[in-house]
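For reference, the structure discussed in these notes is given below.
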Amino acid sequence: MREHIAFHADGMAREVQRYNLEANTPELRRQRHVRNFFEALDIHHENRLHALAHYIPGSNHPIPQYEISREVMGDVFSYDGWGSIAAMRFQEDRNPIIAKTLDEALAEGPATVIDLGTYDGKRTKAIIEALENHRNISHLIGIDTNALVNESLADLDLVPTTTLNIDFFKIMGAIQKLPGKKIYLGLDNVMMNMERFGGGATDGLPTLMSFMLGEGDQIIFEVLRNYDDKQYQEGVDEIFQVYFEETGLKELVGGHLIADGHPERECKNTIIDGIKDRVEYNGKTYEFPRPELLIQTAMGPHMMDMLSQPYIHIGISQILSSNNVFSALIPFYVGNLVLEKESDWKKVKGNHIVKLRKDSTQKVSDEELEHHHMSACVLSYQLELTEHLFDNWTDTMVGIGAYPAFYNNFIHDYDFYTLGPGKSGAVKHFVKERKGRLDLQRNMLDYIPRLAAGEAKEVRYDAKEELFSQFNVQSFINIG
């Protein structure tokens with residue numbers, strides 16, 4: 001099996017080498033990256049111009065921006081400057097935990113380990129050298145868009161290795177076809193750079209991971225709080241500055257880089273601000289108008305430049321607050337990516353280390369989830385002027401109690417999560433009434449046996465009654 005995997009890996013390496021011959025000079029690479037930038041821009045440009053042309057003053061209708069980070073991220077990280085970010089992240093306190101987590105996965109038997117974002121290999125080698133079960137690594141494949149990857153694992157003698165200097169998305173299909181079990185490593189926030197948490201059950205990071213992994217495969221990834229407002233110019237990491245200047249985009253589109261974020265926010269964005277009003281590229285003209293747009297606020301009409309000012313988002317780095325761990329888990333769960341035990345999600349000084357397995361046998365059936373979710377929506381439509389019984393997949397999972405018992409331990413502030421802003425009336429009602437009182441420590445699934453034993457009352461939720469309870473009928477009578 002090991003020789004079979006090595007044969008496939010060598011074949012991929014040859015394909016990648018041929019691919020990179022297209023950009024074997026700095027000038028060819030620059031041209032390719034500028035082309036990628038504008039191709040990504042094209043997707044959003046017409047939508048933005050259309051929205052501006054049809055804007056109604058005071059409508060508060062959002063104007064689309066240029067969110068191209070997922071399209072250009074691989075290009076950005078092929079430039080120099082990543083080392084300075086890595087130095088900020090103090091990996092030493094997390095490496096032993098990553099090694100232990102990987103060891104547990106390898107103890108189950110041989111697997112190919114795919115390291116996404118190997119860069120110079122220093123951290124990868126430190127983790128592999130700390131393993132007890134390194135002999136169960138059939139093959140280690142390091143992937144990175146930065147050419148440093150080519151020599152990154154050359155002196156690692158413990159396991160057979162292959163390095164691929166390419167964007168992972170271009171080689172994902174071939175990786176998926178490798179025989180045997182696979183364990184993916186997504187360290188240093190690389191998964192947060194590739195995709196967003198958002199999107200629920202149909203888009204975003206959970207969907208990407210579910211598509212990547214085959215049944216029984218695992219992924220170990222980090223979510224880091226890595227924002228530093230003192231890092232380089234206005235909080236912008238060095239690697240983005242190098243990309244912006246060496247590609248020639250700074251001269252071509254104008255403007256400067258800013259970082260939009262804060263240590264307590266959910267993400268940090270790297271943005272090109274102050275771009276030119278008009279840009280010419282490859283025979284096409286890009287207009288970036290800045291009309292004054294009115295929005296309505298509680299204080300009356302107010303001018304908001306942020307609606308009309310064009311921003312090009314070229315980088316995103318997400319974090320995750322403790323309050324949102326449970327809601328982040330649910331879309332993974334819906335996509336067959338499950339925790340095997342509570343300790344597979346660890347928190348280290350505000351950072352998260354997660355191990356998930358692709359396993360469709362450990363979750364509620366898709367048919368049951370779909371039934372609960374869709375039937376609830378149909379019921380809501382039948383009751384005029386009422387909201388959906390469950391607003392989203394997370395509400396559905398909470399409402400029907402259809403998640404593994406240990407997931408409940410991730411709801412640190414249960415009352416805030418289930419009763420806080422944005423939660424559906426059905427979920428709030430269910431949590432309040434499930435045992436006749438609000439118990440923050442017991443799992444919602446406890447309600448069923450208590451009900452059968454006659455120790456809890458039936459939970460009834462009347463959406464129409466909930467709606468009318470929001471109106472003070474007596475006040476209308478008095479006015480009359």
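Worth a mention:
- Residue that is most open to solvent (accessible area, probe 1.4 Å), among those in region 127-159 that are at pLDDT 95 or above and assigned to a helix (DSSP H, G or I): Arg135
- Filter result for Ala105 (open to solvent by 30 Å² or more (accessible area, probe 1.4 Å) and in a helix (DSSP H, G or I)): no
- Residue count for region 307-354 satisfying the condition of being assigned to a strand (DSSP E or B) and open to solvent by 30 Å² or more (accessible area, probe 1.4 Å): 2.
- Enumeration of residues in region 171-195 that are under 22 Å from Pro206 (Cβ atoms) and open to solvent by 30 Å² or more (accessible area, probe 1.4 Å): Gly173, Gln176, Lys181
- Residue check for Asn36: within 24 Å of the chain's Cα centre (by Cα) and over 25 Å from Gly248 (Cα atoms): no
- Residue tally, condition of a type outside the set (Gly, Ala, Ser), in a loop (DSSP other than H, G, I, E, B) and out of contact with any His (no Cβ under 8 Å at 6 or more places or on another chain), over region 162-188: 5
- Answer residue from region 196-216, given it is at pLDDT 90 or above, assigned to a loop (DSSP other than H, G, I, E, B) and in contact with a helix residue (DSSP H, G or I) (Cβ under 9 Å, 6 or more places away or on another chain) and is most open to solvent (accessible area, probe 1.4 Å) among those: Glu215
- The residues of region 24-41 include none that are at pLDDT below 90, surrounded by 16 or more Cβ atoms within 10 Å (Cβ to Cβ) and not basic (Lys, Arg).
- Consider region 108-126 and keep the residues that are of a type in the set (Gly, Ala, Ser) and surrounded by 16 or more Cβ atoms within 10 Å (Cβ to Cβ). The one that is nearest to the chain's Cα centre (by Cα) is Gly117.
- When we screen Val34, Val72, Val113, Val16 for residues that are in contact (Cβ under 8 Å) with a residue 60 or more places away in the chain, out of contact with any Cys (no Cβ under 8 Å at 6 or more places or on another chain) and not in a helix (DSSP H, G or I), the only hit is Val113.
- Here is the figure for region 217-238: residues that are modelled with pLDDT under 95, out of contact with any Pro (no Cβ under 9 Å at 6 or more places or on another chain) and not in a helix (DSSP H, G or I) total 9.
- Selection within region 241-287: residues that are within 26 Å of Asn189 (Cα to Cα), touching a Leu at 6+ places or on another chain (Cβ under 8 Å) and acidic (Asp, Glu). The member of this set that is modelled with the highest pLDDT is Asp273.
- Sole exception among (1) free of Cβ contacts under 8 Å to residues at least 40 places away in the same chain; (2) open to solvent by less than 60 Å² (accessible area, probe 1.4 Å); (3) out of contact with any His (no Cβ under 8 Å at 6 or more places or on another chain) for Asp93, by number: (1)
- Residues of region 266-280 that are open to solvent by 50 Å² or more (accessible area, probe 1.4 Å) and in contact (Cβ under 8 Å) with a residue 12 or more places away in the chain: Glu266, Lys276, Asp277.
- Residue in region 42-57 that is without any contact (Cβ under 8 Å) to a residue 60 or more places away in the chain, surrounded by 14 or more Cβ atoms within 10 Å (Cβ to Cβ) and either closer than 30 Å to Phe221 by Cβ or of a type in the set (A, V, I, L, M) (or both) present: yes
- For region 73-90, filtered to residues that are touching a helix residue (DSSP H, G or I) at 6+ places or on another chain (Cβ under 6 Å) and either under 19 Å from Glu39 (Cβ atoms) or not small (Gly, Ala, Ser) (or both), the residue that is surrounded by the fewest Cβ atoms within 10 Å (Cβ to Cβ) is Asp80.
- Of all residues making up region 159-197, the number that are over 23 Å from the mean Cα position of the chain (by Cα) and without any contact (Cβ under 8 Å) to a residue 24 or more places away in the chain: 1
The values are calculated or read from the model by the stated rules, or taken from the named source; none is laboratory data. Every value quoted in this text rests on a predicted model; they were computed, and no experiment measured them. Positions of Cβ are generated from backbone atoms using ideal geometry, with glycine treated the same way; all protein chains shown enter the neighbour counts. Only protein heavy atoms, including side chains, enter the accessible area calculation; ligands, DNA and RNA are left aside. Shrake-Rupley method; radii C 1.70, N 1.55, O 1.52, S 1.80 Å.
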